[in-house]
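Asker: Attaching a single structure in C-alpha coordinates format; questions to follow.
The values are calculated or read from the model by the stated rules, or taken from the named source; none is laboratory data. What you are looking at is a predicted structure, and each value in this text was computed from that prediction instead of being measured. FYI the Cβ positions are ideal-geometry reconstructions off the backbone, even for glycines, and counts take in every protein chain you see. Keep in mind that these areas ignore ligands, DNA and RNA; they rest on the heavy atoms of the full protein, side chains included. Shrake-Rupley method; radii C 1.70, N 1.55, O 1.52, S 1.80 Å.
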Amino acid sequence: MNARPKTPAASSPTASRASSGRPGAGPVAGANRIPVTPTVWRPSYRLIASRYPTVGLYDRIADPADLEVVFAIQALTNPRIRDEIGELQLVPPAERVSGAGSSLIMAAFTHLNPEGSRFSDGHYGVYYAAHALETAIAEVSHHRAVFLARTRERAIDVDLRLITATLDAPLHDLRALGRRGAALFDPDRYDAPQALGHRLREAGSWGVQFPSVRHRGGLCVGVFRPKALRNARPGTHIALHWDGQRITHWYEKRGPHALAGGARLPPVD
(Lines give C-alpha, C1' and ligand atoms only; values in the text may rest on other atoms or scores of the structure.)
Protein backbone atom coordinates (compact mmCIF):
# COMPACT_ATOMS: atom_id res chain seq x y z
CA MET A 1 0.00 0.00 0.00
CA ASN A 2 1.27 3.46 -0.80
CA ALA A 3 2.88 5.24 2.14
CA ARG A 4 1.56 8.66 2.96
CA PRO A 5 4.02 11.52 2.37
CA LYS A 6 5.44 13.00 5.54
CA THR A 7 4.09 16.39 4.56
CA PRO A 8 0.42 16.67 3.57
CA ALA A 9 -0.19 16.94 -0.15
CA ALA A 10 -2.64 19.48 -1.52
CA SER A 11 -5.26 17.24 -3.07
CA SER A 12 -7.98 19.87 -3.16
CA PRO A 13 -7.93 23.63 -3.79
CA THR A 14 -7.96 24.33 -0.07
CA ALA A 15 -6.06 21.32 1.24
CA SER A 16 -2.65 23.00 1.41
CA ARG A 17 -4.02 25.84 3.50
CA ALA A 18 -5.95 23.61 5.91
CA SER A 19 -3.09 21.14 6.37
CA SER A 20 -0.20 23.53 6.76
CA GLY A 21 0.29 22.47 10.38
CA ARG A 22 -0.22 26.02 11.73
CA PRO A 23 -2.90 26.52 14.39
CA GLY A 24 -6.01 27.85 12.74
CA ALA A 25 -4.63 27.40 9.21
CA GLY A 26 -7.17 27.51 6.40
CA PRO A 27 -10.55 29.13 5.85
CA VAL A 28 -12.41 26.97 8.39
CA ALA A 29 -15.32 28.97 9.79
CA GLY A 30 -15.67 28.44 13.54
CA ALA A 31 -12.46 26.42 13.76
CA ASN A 32 -9.74 29.02 13.28
CA ARG A 33 -8.55 28.56 16.85
CA ILE A 34 -8.15 24.80 16.67
CA PRO A 35 -4.46 23.83 16.65
CA VAL A 36 -3.18 21.22 14.22
CA THR A 37 -1.09 18.59 16.00
CA PRO A 38 1.21 16.03 14.34
CA THR A 39 -0.31 12.74 15.42
CA VAL A 40 1.46 9.38 15.16
CA TRP A 41 -0.17 6.27 16.62
CA ARG A 42 1.53 2.91 16.11
CA PRO A 43 -1.00 1.43 16.11
CA SER A 44 -4.50 2.83 16.21
CA TYR A 45 -7.37 0.52 17.17
CA ARG A 46 -10.65 0.08 15.31
CA LEU A 47 -13.41 -2.52 15.58
CA ILE A 48 -15.62 -3.64 12.71
CA ALA A 49 -18.30 -6.30 12.40
CA SER A 50 -16.75 -9.74 11.87
CA ARG A 51 -19.00 -10.36 8.87
CA TYR A 52 -17.12 -7.75 6.83
CA PRO A 53 -14.25 -9.11 4.69
CA THR A 54 -10.73 -8.05 5.60
CA VAL A 55 -9.28 -8.57 2.12
CA GLY A 56 -10.79 -7.16 -1.06
CA LEU A 57 -10.14 -5.86 -4.53
CA TYR A 58 -8.32 -2.77 -3.21
CA ASP A 59 -5.60 -5.06 -1.83
CA ARG A 60 -4.99 -6.66 -5.22
CA ILE A 61 -4.26 -3.43 -7.12
CA ALA A 62 -0.76 -1.98 -6.84
CA ASP A 63 -1.35 1.54 -8.20
CA PRO A 64 -4.26 3.63 -6.84
CA ALA A 65 -4.42 5.38 -10.24
CA ASP A 66 -5.67 2.09 -11.73
CA LEU A 67 -8.57 1.65 -9.31
CA GLU A 68 -11.31 3.25 -11.39
CA VAL A 69 -10.43 1.45 -14.62
CA VAL A 70 -9.98 -1.95 -12.98
CA PHE A 71 -13.21 -1.65 -11.02
CA ALA A 72 -15.14 -0.61 -14.13
CA ILE A 73 -13.88 -3.66 -16.04
CA GLN A 74 -14.50 -6.04 -13.14
CA ALA A 75 -18.04 -4.73 -12.61
CA LEU A 76 -18.97 -5.63 -16.20
CA THR A 77 -18.60 -9.34 -15.44
CA ASN A 78 -19.14 -9.40 -11.67
CA PRO A 79 -21.95 -7.18 -10.32
CA ARG A 80 -20.93 -8.01 -6.74
CA ILE A 81 -17.78 -5.96 -7.25
CA ARG A 82 -19.89 -2.80 -7.07
CA ASP A 83 -20.95 -3.73 -3.55
CA GLU A 84 -17.37 -4.56 -2.58
CA ILE A 85 -15.80 -1.28 -3.68
CA GLY A 86 -18.60 0.96 -2.42
CA GLU A 87 -18.87 4.58 -3.52
CA LEU A 88 -15.36 5.16 -4.85
CA GLN A 89 -16.29 8.57 -6.27
CA LEU A 90 -16.46 9.94 -2.71
CA VAL A 91 -12.67 9.65 -2.46
CA PRO A 92 -10.69 12.00 -4.76
CA PRO A 93 -8.22 10.09 -6.99
CA ALA A 94 -5.21 11.67 -5.27
CA GLU A 95 -6.45 10.45 -1.88
CA ARG A 96 -7.05 6.80 -2.77
CA VAL A 97 -4.89 3.98 -1.46
CA SER A 98 -4.40 0.43 -2.70
CA GLY A 99 -2.24 -2.58 -1.99
CA ALA A 100 -2.05 -4.83 1.07
CA GLY A 101 -4.39 -3.73 3.85
CA SER A 102 -6.01 -0.95 1.86
CA SER A 103 -9.50 -2.49 1.79
CA LEU A 104 -9.64 -2.08 5.57
CA ILE A 105 -8.95 1.64 5.14
CA MET A 106 -10.96 2.43 2.02
CA ALA A 107 -14.10 0.71 3.33
CA ALA A 108 -14.60 3.47 5.91
CA PHE A 109 -14.69 6.08 3.14
CA THR A 110 -16.70 4.21 0.50
CA HIS A 111 -19.32 2.35 2.57
CA LEU A 112 -21.36 4.96 4.40
CA ASN A 113 -23.64 4.86 7.40
CA PRO A 114 -26.79 6.66 6.17
CA GLU A 115 -27.55 7.73 9.75
CA GLY A 116 -24.24 9.57 9.90
CA SER A 117 -21.80 9.68 12.80
CA ARG A 118 -20.30 12.25 15.15
CA PHE A 119 -18.33 14.08 12.43
CA SER A 120 -20.33 13.12 9.32
CA ASP A 121 -23.93 13.68 8.30
CA GLY A 122 -23.86 10.49 6.25
CA HIS A 123 -22.74 12.02 2.93
CA TYR A 124 -19.06 11.10 3.36
CA GLY A 125 -17.07 8.53 5.28
CA VAL A 126 -14.85 8.92 8.33
CA TYR A 127 -12.35 6.39 9.67
CA TYR A 128 -12.81 6.30 13.44
CA ALA A 129 -10.16 4.74 15.65
CA ALA A 130 -8.89 4.91 19.22
CA HIS A 131 -5.50 5.18 20.87
CA ALA A 132 -6.20 2.12 23.05
CA LEU A 133 -8.20 -1.06 22.60
CA GLU A 134 -10.25 -0.37 25.74
CA THR A 135 -11.38 2.94 24.28
CA ALA A 136 -12.37 1.37 20.97
CA ILE A 137 -14.40 -1.25 22.85
CA ALA A 138 -16.16 1.37 24.98
CA GLU A 139 -17.10 3.44 21.93
CA VAL A 140 -18.40 0.52 19.89
CA SER A 141 -20.20 -1.01 22.89
CA HIS A 142 -22.26 2.14 23.34
CA HIS A 143 -23.42 2.25 19.74
CA ARG A 144 -24.14 -1.47 19.60
CA ALA A 145 -26.14 -1.25 22.83
CA VAL A 146 -28.25 1.58 21.44
CA PHE A 147 -29.06 -0.49 18.35
CA LEU A 148 -29.78 -3.69 20.28
CA ALA A 149 -32.06 -1.85 22.70
CA ARG A 150 -33.90 -0.21 19.82
CA THR A 151 -34.53 -3.57 18.17
CA ARG A 152 -35.31 -5.29 21.50
CA GLU A 153 -32.81 -8.05 20.93
CA ARG A 154 -32.61 -10.94 23.36
CA ALA A 155 -29.28 -12.03 24.86
CA ILE A 156 -26.65 -12.33 22.17
CA ASP A 157 -22.90 -12.10 21.58
CA VAL A 158 -21.85 -9.48 19.02
CA ASP A 159 -18.82 -10.57 17.01
CA LEU A 160 -16.26 -7.93 16.04
CA ARG A 161 -12.83 -7.89 14.38
CA LEU A 162 -9.95 -5.75 15.59
CA ILE A 163 -8.20 -3.65 12.97
CA THR A 164 -4.86 -2.04 13.76
CA ALA A 165 -3.27 0.61 11.54
CA THR A 166 -0.51 3.19 11.73
CA LEU A 167 -1.88 6.72 11.90
CA ASP A 168 0.46 9.51 10.82
CA ALA A 169 -1.08 12.91 10.03
CA PRO A 170 -1.51 16.47 11.29
CA LEU A 171 -4.91 16.45 12.95
CA HIS A 172 -7.08 19.26 14.29
CA ASP A 173 -6.85 18.74 18.05
CA LEU A 174 -10.26 19.42 19.54
CA ARG A 175 -9.00 18.94 23.09
CA ALA A 176 -7.59 22.46 22.89
CA LEU A 177 -11.09 23.95 22.77
CA GLY A 178 -11.78 23.18 26.41
CA ARG A 179 -15.26 24.29 27.48
CA ARG A 180 -15.77 26.06 24.17
CA GLY A 181 -15.95 22.66 22.52
CA ALA A 182 -18.49 21.13 24.91
CA ALA A 183 -21.18 20.89 22.20
CA LEU A 184 -18.83 18.76 20.07
CA PHE A 185 -18.80 16.04 22.72
CA ASP A 186 -22.48 15.85 23.61
CA PRO A 187 -23.26 12.16 24.25
CA ASP A 188 -26.36 12.17 22.07
CA ARG A 189 -26.48 15.25 19.80
CA TYR A 190 -24.23 15.34 16.73
CA ASP A 191 -25.37 18.50 14.96
CA ALA A 192 -22.44 20.66 16.16
CA PRO A 193 -19.64 18.13 15.44
CA GLN A 194 -21.20 17.24 12.08
CA ALA A 195 -21.19 20.89 11.04
CA LEU A 196 -17.56 21.25 12.13
CA GLY A 197 -16.56 17.99 10.45
CA HIS A 198 -18.08 19.14 7.18
CA ARG A 199 -16.23 22.46 7.25
CA LEU A 200 -12.91 20.88 8.17
CA ARG A 201 -13.20 18.19 5.51
CA GLU A 202 -14.12 20.72 2.83
CA ALA A 203 -11.04 22.72 3.79
CA GLY A 204 -8.78 19.69 3.33
CA SER A 205 -8.25 18.72 6.97
CA TRP A 206 -6.67 15.33 7.58
CA GLY A 207 -9.08 14.76 10.46
CA VAL A 208 -9.67 15.43 14.14
CA GLN A 209 -8.34 14.15 17.44
CA PHE A 210 -10.79 14.30 20.33
CA PRO A 211 -11.43 12.92 23.82
CA SER A 212 -13.55 9.80 23.96
CA VAL A 213 -17.12 10.44 25.03
CA ARG A 214 -17.59 6.85 26.22
CA HIS A 215 -14.25 6.14 27.95
CA ARG A 216 -12.89 8.67 30.43
CA GLY A 217 -9.30 9.57 29.58
CA GLY A 218 -9.44 7.84 26.20
CA LEU A 219 -8.47 9.42 22.89
CA CYS A 220 -10.14 8.98 19.52
CA VAL A 221 -9.61 10.19 15.97
CA GLY A 222 -11.90 10.79 13.05
CA VAL A 223 -9.80 10.62 9.87
CA PHE A 224 -11.07 12.37 6.71
CA ARG A 225 -8.34 11.29 4.26
CA PRO A 226 -7.24 7.67 3.60
CA LYS A 227 -3.55 8.51 3.18
CA ALA A 228 -3.35 9.37 6.87
CA LEU A 229 -3.33 5.61 7.47
CA ARG A 230 -1.13 2.70 6.47
CA ASN A 231 -0.17 -0.84 7.50
CA ALA A 232 -3.77 -1.80 8.30
CA ARG A 233 -4.05 -5.38 9.54
CA PRO A 234 -6.85 -7.57 10.85
CA GLY A 235 -6.32 -8.75 14.40
CA THR A 236 -8.13 -10.80 16.98
CA HIS A 237 -11.86 -11.51 17.14
CA ILE A 238 -13.68 -9.82 20.03
CA ALA A 239 -17.20 -10.47 21.29
CA LEU A 240 -19.48 -8.14 23.25
CA HIS A 241 -22.09 -9.84 25.44
CA TRP A 242 -25.56 -8.28 25.36
CA ASP A 243 -27.77 -9.69 28.15
CA GLY A 244 -31.02 -8.33 26.72
CA GLN A 245 -30.71 -4.97 28.47
CA ARG A 246 -27.09 -3.90 28.31
CA ILE A 247 -23.62 -5.01 27.26
CA THR A 248 -22.16 -6.55 30.40
CA HIS A 249 -18.69 -7.64 29.27
CA TRP A 250 -16.42 -8.44 26.35
CA TYR A 251 -14.00 -11.23 25.65
CA GLU A 252 -11.40 -12.18 23.09
CA LYS A 253 -12.07 -15.17 20.89
CA ARG A 254 -9.08 -17.41 20.50
CA GLY A 255 -8.26 -20.42 18.34
CA PRO A 256 -10.10 -23.72 18.79
CA HIS A 257 -8.61 -26.50 20.92
CA ALA A 258 -8.94 -30.10 19.81
CA LEU A 259 -10.53 -32.58 22.21
CA ALA A 260 -8.20 -35.42 23.18
CA GLY A 261 -9.35 -38.41 21.21
CA GLY A 262 -12.33 -36.50 19.85
CA ALA A 263 -15.93 -36.60 21.10
CA ARG A 264 -17.41 -39.94 20.07
CA LEU A 265 -21.17 -40.29 19.74
CA PRO A 266 -22.84 -43.51 20.88
CA PRO A 267 -23.90 -45.82 18.07
CA VAL A 268 -27.38 -45.25 16.70
CA ASP A 269 -29.66 -48.29 16.88
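Asker: Can you name the condition, by its number, that residue 147 falls short on among (1) surrounded by fewer than 21 Cβ atoms within 10 Å (Cβ to Cβ); (2) among the aromatic types (Phe, Trp, Tyr); (3) touching a Lys or Arg at 6+ places or on another chain (Cβ under 7 Å)?
Answerer: (3)
Asker: In addition: Return the pair list, or none, for Cβ contacts closer than 6 Å from residues in region 94-123 that are over 21 Å from residue 209 (Cα atoms) to residues that are at pLDDT 90 or above and assigned to a loop (DSSP other than H, G, I, E, B), at least 6 apart or on different chains.
Answerer: The qualifying pairs are 114/122.
Asker: Which residues, taken from region 192-228, are in contact (Cβ under 8 Å) with a residue 12 or more places away in the chain, in a loop (DSSP other than H, G, I, E, B) and of a type in the set (D, E, K, R)?
Answerer: Across region 192-228, the qualifying residues are 214, 225.
Asker: Among the numbered criteria (1) in a helix (DSSP H, G or I); (2) without any contact (Cβ under 8 Å) to a residue 40 or more places away in the chain, which one does residue 152 miss?
Answerer: Against the list (1) in a helix (DSSP H, G or I); (2) without any contact (Cβ under 8 Å) to a residue 40 or more places away in the chain, residue 152 comes up short only on (1).
Asker: Within region 97-144, count every residue that is within 18 Å of residue 159 (Cα to Cα), open to solvent by less than 40 Å² (accessible area, probe 1.4 Å) and among the charged types (D, E, K, R).
Answerer: 1
Asker: Filter region 234-254 down to the residues that are open to solvent by 50 Å² or more (accessible area, probe 1.4 Å) and either of a type outside the set (Phe, Trp, Tyr) or touching a helix residue (DSSP H, G or I) at 6+ places or on another chain (Cβ under 8 Å) (or both) and list them by number.
Answerer: Across region 234-254, the qualifying residues are 234, 237, 243, 245, 246, 248, 249, 250, 252, 253, 254.
Asker: Which numbered condition trips up residue 231, out of (1) open to solvent by 60 Å² or more (accessible area, probe 1.4 Å); (2) farther than 28 Å from residue 124 by Cα; (3) modelled with pLDDT of 95 or more; (4) not aromatic (Phe, Trp, Tyr)?
Answerer: (2)
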